[in-house]
1. Give the lysines whose C-alpha is closer than 28 Å to that of K161, dropping any in the same chain fewer than 8 places away, or say none.
2. Highest mean first, how do 2-10, 479-487, 519-527, 178-186 rank when packing is the count of other Cβ atoms within 10 Å averaged over residues?
3. Hey, what's the range 306-398 come to in accessible area per residue, 1.4 Å probe, Å²?
4. Taking the Cα atoms of the range 203-281, what is the range of coordinates along each of the three principal axes, in descending order and whole Å?
5. Just the accessible area per residue of the range 140-220, please: how many Å² with a 1.4 Å probe?
6. Can I get the semi-axes of the range 1-88's equivalent ellipsoid? Compute them from the C-alpha gyration tensor as square roots of 5 times the eigenvalues, in angstrom, largest first.
7. Taking all protein chains in place and a 1.4 Å probe, what share, in percent, of the accessible surface of the chain do carbon and sulfur account for?
8. What pairs in K5/K407; K331/K477; K331/K447; K43/K407 have C-alpha atoms more than 30 Å from each other?
Amino acid sequence: MDNPKFENLLNLALDATEREREKSIQLGVGYEPEENTWDLIVKYSGSLERLREDYPSIQVREMINEYAILRVPQSLIDVIAQAEEIEYVEKPKRLYFAVNEGKRASCITPLQTAAYHLTGQGVLVALLDSGIDYAHPDFRNEDGSTRILELWDQTMDRVFKKPEIDEALAAPTEAERYRLVPSRDLSGHGTHVAGIAAGNGRASGGRYRGVAYESSLLVVKLGTPREQSFPRTTELMEALNFVIKRALEYRMPVAVNISFGNTYGSHSGTSLLETFIDDISSYWKSVIAIGTGNEGSGRGHTSGTVSENQQEMIELAVGTYETSISVQIWKSYVDEFDIILEHPNGQRVGPLSQNLAPQRLILADTEILVYYGEPSPYSVYQEIYLDFIPRQDYIDSGVWKFYLVPKRVVLGNYDMWLPSQAALNRSTGFLYPVDDTTLTIPSTASKAISVGAYDARYQQFAEFSGRGFTRQTRQVKPDIAAPGVDITSAAPGDTYASRSGTSMATPFVTGSAALMMQWGIVEGNDPFLYDAVIIGLS
């Protein structure tokens, strides 16, 4: 299948065999082999009621501003392609944590003193992450009750409200507590992030108090109940939809924290996830802060310019025991150049055919799927996607070479990205990486506050922190940097731990936005102090 309404990666995934999807980092995300169904992100116009009525086996989960998540049997993919109300379709992508003394360095301490006494009171802090240790004293009031208004655990598809959590906290034993509210933060990432944004420091006598320490909390534990589950863009979109709608119901301004990201896409703010974030940010009094990821020093990006009569060579080192890797090449659609691929043993293939159907190549013990994409309604850039799949257990290691041979050059610039470094071996990466344009998606969304990390001890940008600009649009990103190295915050079990990453920088900004909204909206000093106003101030 090759449908212009579908994104390039989805077209390739639908054409791939089940074995290829199983072996690939990207292609199998969103596909359920046991049910033979696909989870899809769609942008539509009007109503999906006809689709729901005519095809009851298609599950429809509608969201704000005509976005939806569909679960579609493989046999009904053509129905989605032909539905007039559906404008564009993407598949889910995997998300990764942005993990690799900050409050004073961020100048927050003076705002919490008697002169200003900004604490986040009257504002919601929403945390879309790995969950929270709801029993930790830092997220409880003096009387022991919870500060969490709602906790949606997507792994169980259950929403626990404040009275249920309070009942669990009052249980006589830990076993009884987790029988009543069985949600746990297994990685500790979400608890740590929550502590920075909004922990009250009760377990440390106030020493490790967070930013908006009297705010109310909305928490979403991202993920799915499937085996080897991980959060995906579909879960993130549903979580964001949930907290914005809840904030509207509570009639409270909300500061949203997202410390996840991935590297797949044009990095120009045009994917459905990014446009969804832009659209929903205008729906209520909200601020959305997103970490720029930890790909700055990860060797996962390179870029350059192709000139007439001068070919470019890009070298990619693939480490031993690499089970799967993909390469995205993004360029202007008006530029034309051939691609020749060279195996570490010197064997070459190419020029690759520039047709729009998936191609399969074999080099030694590695199979390569190639897909030339077309511009979409949301992007004018062309993607050339290559998925390296082992014919046995591992991809052939060594230095692979890509030759870009110009045929017709108008702009000539190109970017290449690998999957997140969290998915690859340390020895895999471009030999001549470029650390610019290493923002992870969706921090590239234009109406989100994208947050980089710096080391407050040495007053310098953290080496790992994702950098801007966004591709082609040259929008200035990140919008702001915050402390993200060796940050001590709450950890499961009434304890504290130190972590580094833009995951740790982002909640400083989220909490600060909550303080600003308290001063502006709750206290009546500026009723419009949210969304674009705060982004402009950042």
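The values are calculated or read from the model by the stated rules, or taken from the named source; none is laboratory data. Bear in mind the structure is a predicted one, so any value in this text is a computation, not a measurement. Neighbour counts run over all protein chains shown; Cβ positions are idealised from the backbone, glycine included. Surface accessibility is based on the protein's heavy atoms, side chains included, excluding ligands, DNA and RNA. Shrake-Rupley method; radii C 1.70, N 1.55, O 1.52, S 1.80 Å.
1. Output for K161: K221, K245, K285.
2. Working: 2-10: 20.0, 479-487: 23.4, 519-527: 14.2, 178-186: 16.7.
Highest to lowest by the protection proxy: 479-487, 2-10, 178-186, 519-527.
3. Values: 3750 Å² over 93 residues.
Heavy-atom SASA per residue in the range 306-398 reads 40 Å².
4. 45, 33, 26
5. Details: 3370 Å² over 81 residues.
Solvent-accessible surface per residue comes out at 42 Å².
6. On the way: eigenvalues 101, 37, 27 Å².
Over the Cα atoms of the range 1-88, the semi-axes work out to 23, 14, 12 Å.
7. Values: 9630 of 20400 Å².
The value for the chain is 47 percent carbon and sulfur by accessible area.
8. Details: K5/K407 28 Å; K331/K477 20 Å; K331/K447 24 Å; K43/K407 36 Å.
Where the Cα-Cα span goes over 30 Å, the pairs concerned are K43/K407.
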